[in-house]
Structures are given as C-alpha cells and as structure tokens.
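Worksheet: one structure, shown below.
The values are calculated or read from the model by the stated rules, or taken from the named source; none is laboratory data. Since the structure is predicted, the reported quantities are computational estimates derived from the model, not experimental observations. Neighbour counts run over all protein chains shown; Cβ positions are idealised from the backbone, glycine included.
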Amino acid sequence: MDCIDRIRPRDFKRLITRAGEGRRAPLRARRGAAAARAPVLLRLSHVSLYVDYRLVLRDLDWQLRKGEHWAVYGANGAGKTSFLKLLYGDLSPALGGKIERTGFLPGTPIARWKRQVGYVSPELQSDYAVDVSVLDLVASGRYASIGLVDEPTARDHGEARRWLRFFGLLSVALLRPRELSYGQLRRALIARAMAANARILLLDEPLTGLDPGQRAIMKRLLKRLMRQLTLIVAVHHEEDLPRGMTHGLRLHNGRAYPVVAESAT
C-alpha cells in the first residue's frame, strides 16, 4: 500500500464511513501489475509538516508513481493546500522527515524540480496581478516565475501558444489577465503550469468559482491532460473531479488515509 499509517482497523472504518467513502481503497488491485512497476516520481518517508507552528501532517509515508492520478480530500483546514505545497516544494518537512524526488539529488535547487511540476490554486489566481500579455503569462511557466525577468524566446512563445491552443485561449493571447473571465484566467494559469511540459500537475480546487459551463470545460480538459502526465487534485467535493482518478487520499486530524477515488460521472 502506498500510504501507511498507524490506526486500528475499527477506527479507520468509522472515520471513512463518517466521511462518506464507505470502504477502504483496494489500491494494489486497482493499480494492477503493470502500474505497480511504474517508476516512483516522489516518495515521502516519516514526513511531519508544520505551518505557522501548527501540526498539519503527522508521520506520513506516501509515494507517487508515474501514471497515477490522486484525489486529495478533506474538510476546510485539513491540510490539502499545505500537502500540495509540500509536494511542490514551497513547504519543507519537519526534522526527521524525508522527501525523495526521482532524478534530483539531495541539495539540488528546488527551482529545478518546480520546472517539472505545475501548481495552480485559487490563491495564485487572486494574487496574480502582473501586467503582461496572456501569451507572456503562459510563457513564464517555463521558468516557474511570476512574470518574465528576461525577454521570452521564440521557443518560449511557441510552447505558450501550443498550450493556449490546447486550452482554447489562443484568441486572447494578446489580452491582459484582467481582461479575461474568471474561468479563462483559471485555464490560462493551468496552461502556464504546463508550459514547461510538466510531469506532475498539482491543482488546488480547480473548479472553485467556475460556472457550470466552465466547470464542464475544465473537467474535459483535465481528462485529456491525464493522458500526458500525473495529476494530483485537492477537492472538497467529489463531483469536482475529472473521470479517471486512480487513487484517493483523505486528510483528517493530521493523518492521511487511503480511500477510493470517486471520479465524477
């Protein structure tokens, strides 16, 4: 099992039933033999996480394999955003915890890791006030930066246009972010996260604030993206998930429990 925690069986069953999941996830069976041999991209060992001196996660063992798609559940304040920031590299585990990133030796600048991992959250969207074109916004994702320090290259713009086309935004490439609708800007920020051809995409409540039409568009696009990378989505409601999620993780009282990933129909 990918996520290990010390908990009595009857307590685990009661917790999951209360949460509405109803049963423990048959992770090994769902992956299958071929998926179980997929390379590990990220491994957490005995990780505890504190944010502002508050314990958010305790003694977590977890690993992510290529091709897996994880849904991260939990009530508000359960630590979903902190968990994603930990994976992205914005937060670090407490002393004694270990994060192994395949292909990245200890001491490698975290910026190199971030160039292969996309991260998008409502917080990023509300704070993004850089006065650049949407084209340059997306191109900045190739450097994991807010805005561009140097003039973008032809290759930067080429990749940005490719992802704008994927997300149906090529026609607004020369507009400013403030001129886009809320849903368009969310798609532009995910396009930005993909501009460096991310191997892993971390999304925090990607459907929050979107109207029904934009929600449907977003779920279709995420389903297409899942063919190309590994997706981890933090949600409060199961209906906000694209179809095809393979694993689930519920955060509760500082612990993480494997659950069935219930993709939206």
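Worth pointing out:
- Top-ranked residue in the range 106-119 [being surrounded by fewer than 21 Cβ atoms within 10 Å (Cβ to Cβ) and in contact (Cβ under 8 Å) with a residue 24 or more places away in the chain; ranked as farthest from residue 199 (Cα to Cα)]: 111
- Considering only residues in the range 190-209 that are over 19 Å from residue 69 (Cα atoms) and in contact with a Pro (Cβ under 9 Å, 6 or more places away or on another chain), the one that is surrounded by the fewest Cβ atoms within 10 Å (Cβ to Cβ) turns out to be 209.
- Taken over the range 144-185, the criterion of being in contact (Cβ under 8 Å) with a residue 40 or more places away in the chain, surrounded by fewer than 19 Cβ atoms within 10 Å (Cβ to Cβ) and at positive phi is satisfied by 168 alone.
- Output for the range 161-187, where each listed residue is at pLDDT below 95, hydrophobic (A, V, I, L, M, F, W, C) and in a helix (DSSP H, G or I): 185
- Selection of the range 199-227 for residues being under 23 Å from residue 83 (Cα atoms) and of a type outside the set (A, V, I, L, M) yields 199, 204, 205, 206, 208, 209, 219, 223.
- When 89, 103, 141 are checked against the criterion of being within 17 Å of residue 44 (Cα to Cα) and either in contact (Cβ under 8 Å) with a residue 24 or more places away in the chain or touching a His at 6+ places or on another chain (Cβ under 7 Å) (or both), a single residue qualifies: 89.
- Residue, surrounded by the fewest Cβ atoms within 10 Å (Cβ to Cβ), within the range 68-89, restricted to residues that are out of contact with any Lys or Arg (no Cβ under 9 Å at 6 or more places or on another chain) and part of a loop (DSSP other than H, G, I, E, B): 76
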